[in-house]
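S.K.: If you scroll down you'll find the structure; I have some questions about it.
The values are calculated or read from the model by the stated rules, or taken from the named source; none is laboratory data. Owing to the predicted nature of the structure, the values given are computational and were not obtained by experimental measurement. As a convention, Cβ positions derive from the backbone with ideal geometry for all residues, glycine included, and neighbour counts pool all protein chains shown. Areas reflect the complete protein model, heavy atoms only, side chains present, ligands, DNA and RNA absent. Shrake-Rupley method; radii C 1.70, N 1.55, O 1.52, S 1.80 Å.
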Amino acid sequence: MTGRLLTLHLRSRGASMFVAGVGVIMLLAWAAGTWLASRPYFDGPAARVPVVALAPLLAALLLGPTLAGADEDLERSTPLPWRAWRAGHLLVAVFVTATALSLAGLRAPDTYGAHALVRNALGCIGLVAGGAVLLGARLAWLPAFVYVCAVYAAAPRQTGTAVAAWAWPIQPSTSTTSRLAAATIFVIGAAAYLHRGSRASASRRYPPRR
């Protein structure tokens, strides 16, 4: 029974499309990172900042639609331990995303490679999970997209503790502050999603009975 429910859950959330999309992003990130690191006019592996910032963001954006079913209110009416299901959903998504992206950055993993990709995957997934609670699954991508793009555009040159805390998507993986910031965002976003779930779309809510 549990296996059948799991299959239906994954199918209703579009899990296969998410996994396929993450696989494509992994290949593109590997190709782009290798190309950037091999150019003589760039700074070797340190030139992979765009890949480190954007690849986890794209993977997290694919996760957003999977955080809610076709009718969130109807699903909540079923006698299932939804907090446990949400926890499993997020943990599997983190594992798939972090594993795939780490493979794309194994070359010089300490220099804008695997470590930074995993850190940013955690932070972006936390932002998307929090976005699902506040805005619903359809718009869950918005906070992560705006935040990462704003940080990348600002491109702060400083590397102090305060800067590393808010500019974590483009910091070196050796920055402890950036890792703590991304982990904190993930914990907050995941906790909110486990407790509240995705905000139901207004168009999916049933009209009040008269």
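S.K.: Select from the stretch 1-30 the residues that are more than 23 Å from Ala153 (Cα to Cα) and among the small types (Gly, Ala, Ser) and write down the one among them that is most open to solvent (accessible area, probe 1.4 Å).
M.R.: Checked the stretch 1-30; the qualifying residue most open to solvent (accessible area, probe 1.4 Å) is Ser16.
S.K.: Ok, one more. Mind checking which residues of the stretch 95-113 are surrounded by fewer than 22 Cβ atoms within 10 Å (Cβ to Cβ) and in a helix (DSSP H, G or I)?
M.R.: Phe95, Val96, Ala98, Thr99, Ser102, Leu103
S.K.: Also, I was wondering about something else. Here is a list of conditions, (1) of a type in the set (Gly, Ala, Ser); (2) closer than 30 Å to Trp82 by Cβ; (3) at pLDDT 90 or above; (4) touching a helix residue (DSSP H, G or I) at 6+ places or on another chain (Cβ under 8 Å), and Ser178 meets all of them except one; can you say which number that is?
M.R.: (2)
S.K.: Residues Ala190, Ala183, Ala150: which one is surrounded by 20 or more Cβ atoms within 10 Å (Cβ to Cβ), among the small types (Gly, Ala, Ser) and not in a loop (DSSP other than H, G, I, E, B)?
M.R.: Just a single option satisfies the conditions, and that option is Ala190.
S.K.: Any residue in the stretch 170-182 that's touching a residue at least 24 places away in the same chain (Cβ under 8 Å): show its pairings with residues that are aromatic (Phe, Trp, Tyr) and open to solvent by less than 20 Å² (accessible area, probe 1.4 Å) at Cβ separation under 9 Å, as long as the two are six or more apart or on different chains.
M.R.: Ser178/Trp168; Arg179/Trp168; Ala181/Trp168; Ala182/Trp168
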